[in-house]
Amino acid sequence: MRFTIDESGAVAANLTGSTYIQVIPVTVYQFERYVWREAPETMQYESVIDVNKRIAPDGYSRKNFVSSFISNVSFVEACDVCAALVNGRPPTVKEWEIANEMIFQRGGILSLALEFTESSSQDKPVDQRVKNLMARFIKIGIKRLDHKALGELVSEFPASDEQMYGQIFLKSSSRERALVTGNPPGTQRDRQFHFRAVFEKE
């Protein structure tokens, strides 16, 4: 499996061709860093941060590890965060399905990603907090990010540029339900949703 360090300093896995997806969803720390840098007037980031309480690094357990990932972000906001972090976007349904098999289902993916960060040949610096978080997951016995514990925003981008957004789905366990459809969707918030970015590497 091929990995890279993305522009945000996190580890991403190769999906197909030059397309990569972040190994772990966007963390609370990464989101806070985005807010400090961008401070978008259109985002109600105070309410987002309020429902994403910080936990000390050594306080994460098998029961609460999903709290390390940002939630309660709308689809539009998730798109903005992905664009700001890695010039990317949330994955399509097909990309999510590939990631489900490649990242969520396989054992040891976090160990492989962490080993990759130790390589001296990386041309981009690794975000130490994200690296430490993966190390913590491994220490408490998490080898893969089981999608039963993570509801994630995925999207189907329409062919027409006139329609900004298409359907938004929550994929979790065996459930698949349309959350928002129509034009423009994406303002609804839900604490169950996490997201990760897909991007192209030249």
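The values are calculated or read from the model by the stated rules, or taken from the named source; none is laboratory data. Everything quoted here is computed from the prediction, not taken from an experiment. With ideal geometry, Cβ positions are generated from the backbone for all residues, glycine too; neighbour counts draw on all protein chains shown.
Mind listing just one residue for me: the one in the range 63-75 that is out of contact with any helix residue (DSSP H, G or I) (no Cβ under 7 Å at 6 or more places or on another chain) and surrounded by fewer than 19 Cβ atoms within 10 Å (Cβ to Cβ) and, of those, farthest from K131 (Cα to Cα)? Per the criteria, the residue is K63.
Do we find that E46 is outside any loop (DSSP other than H, G, I, E, B), surrounded by fewer than 20 Cβ atoms within 10 Å (Cβ to Cβ) and of a type in the set (D, E) in this structure?
Details: outside any loop (DSSP other than H, G, I, E, B): yes; surrounded by fewer than 20 Cβ atoms within 10 Å (Cβ to Cβ): yes; of a type in the set (D, E): yes.
So E46 fits the description; yes.
Counting residues in the range 105-125 that are at pLDDT 80 or above, in a helix (DSSP H, G or I), in contact with a strand residue (DSSP E or B) (Cβ under 7 Å, 6 or more places away or on another chain) and acidic (D, E) gives zero. The lone criterion from (1) farther than 23 Å from N132 by Cα; (2) surrounded by 14 or more Cβ atoms within 10 Å (Cβ to Cβ) left unmet by V35 is number (1). In the range 102-119, the qualifying residues are those that are farther than 14 Å from R136 by Cα and of a type in the set (S, T, N, Q), and the one that is surrounded by the fewest Cβ atoms within 10 Å (Cβ to Cβ) is S119. Scanning the range 8-28 for residues that are closer than 13 Å to L85 by Cα and surrounded by fewer than 16 Cβ atoms within 10 Å (Cβ to Cβ) returns no hits. Within the range 2-29, the set of residues being free of Cβ contacts under 8 Å to residues at least 60 places away in the same chain and within 16 Å of F65 (Cβ to Cβ) comprises just one member, V28. List pairs: first residue in the range 49-68 and free of Cβ contacts under 8 Å to residues at least 60 places away in the same chain, second residue surrounded by 13 or more Cβ atoms within 10 Å (Cβ to Cβ) and acidic (D, E) anywhere in the structure, Cβ distance under 8 angstrom, at least six positions apart or on different chains. Between residues of the range 49-68 that are free of Cβ contacts under 8 Å to residues at least 60 places away in the same chain and residues that are surrounded by 13 or more Cβ atoms within 10 Å (Cβ to Cβ) and acidic (D, E), the close pairs are I49/E32.
Considering only residues that are on the phi < 0 side of the Ramachandran plot and not in a helix (DSSP H, G or I), look in the range 76-101 and name the one that is surrounded by the fewest Cβ atoms within 10 Å (Cβ to Cβ). Before you say what the answer is, go through the steps one by one.
Within the range 76-101, the subset on the phi < 0 side of the Ramachandran plot is 76-86, 88-101.
From what is left, the residues that are not in a helix (DSSP H, G or I) are 88-92.
Details: G88: 24, R89: 19, P90: 23, P91: 26, T92: 15.
Among those that are on the phi < 0 side of the Ramachandran plot and not in a helix (DSSP H, G or I), it is T92.
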